[in-house]
Each structure stands twice: as C-alpha cells, then as structure tokens.
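Each remark here refers to the structure printed beneath this line.
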Amino acid sequence: MTKNKSNGQSKKIWNEVPSSEYWNPETQNESIEGELIDIVEGNFGKQYAIKNLENGKIILTPSHKVLQSQMATVKIGNVVKLVFVEEIPNVVKGRSATKMYKIYIQEEEKEEEIEEEHTEE
C-alpha cells in the first residue's frame, strides 16, 4: 500500500494474479518448463505450480503419483522441465493407465566453468 499525500489515507494498489492453466499431457514428449513457484495440496495429492519464464503463465500439474514421487526433491525456486514419456496400461481392468515422466532440474553454471570458457577463447 502507498500513502495518498493529499489526505494522509492509505491508497490500495491492486495487482492482478495471473490465471493458471492445467497441464494434462496426452502426446509423447509433450513438456512444460519453468520455475516451481508453489506446491498445492489437491483432492488427489500434490500439484505443482510452474511459472513459464517466457510468458509468465502459471501451469498446474496433475496429481499423478509417479509425478509426485519424482518431484519430491524439487524445491520451490528450482527451474524444471517435465516431459511426458509414455502411458502404461493398467493390468487391472477399469483402472486408469499410468503416465510416466522425466523430470529435469536446471543447474546453475559454476563460476569456475564460466572462467574456463573465457580463457579458452
């Protein structure tokens, strides 16, 4: 909040919260990438809010158990890439297939590596 100088009262400033999209991959190698900004407890488990760094959109992942277990070590603030690999049919009739993913975490280049690149040129 900022102060309104004319009468000393507070003036409210509102910032729009970007809407989120739900990611439900269906095509092999479909992916999303961005910064993990929140972990939400949904009806069926954890969902991950990922902010696309190019357009600012927030994408919410499904609560798939495989995805939840793979994302267990990812921390808020990490830049990640989630890739849908395949769907494995369930052996139990009437149950949903299991979606398989690959998760990548972006690593920061170390200062030593950057210095080596500059000395080689």
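Every number in this text was worked out from the coordinates using simple rules, so none of it is lab data. Since this is a predicted model, take the numbers as computed values, not measurements. Don't worry about glycine lacking a Cβ; one is built from the backbone with ideal geometry, like all the others, and counts go over all protein chains shown.
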### Stretch gain in nm, segment N29-I76, where the contour uses 0.36 nm per residue and the Cα spacing is subtracted
14.5 nm
#### Entry: Principal axis box of the stretch 16-120, alpha-carbon based, largest edge first, Å
61, 38, 23
### Message
Restricting to lysines 8 or more places apart or on different chains, can you count the pairs in the stretch 16-120 with Cα atoms under 17 Å from each other?
### Response
11
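Please give the length that would be gained between S69 and I37 if that part of the chain were fully extended, namely 0.36 nm times their separation in residues minus their C-alpha to C-alpha distance (nm, one decimal).
9.7 nm
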#### Entry: Filtered trypsin sites (Lys or Arg not before Pro), the stretch 21-101: DSSP coil and at most 15 other beta carbons within 10 Å
K57, K75, K93, R95
### Query
chymotrypsin sites (Phe, Trp or Tyr not before Pro) within the stretch 24-109: which are DSSP loop residues with at most 15 other Cβ atoms inside 10 Å?
F44
#### Entry: Contour minus Cα-Cα distance for Q106 and E21 (0.36 nm per residue)
28.4 nm
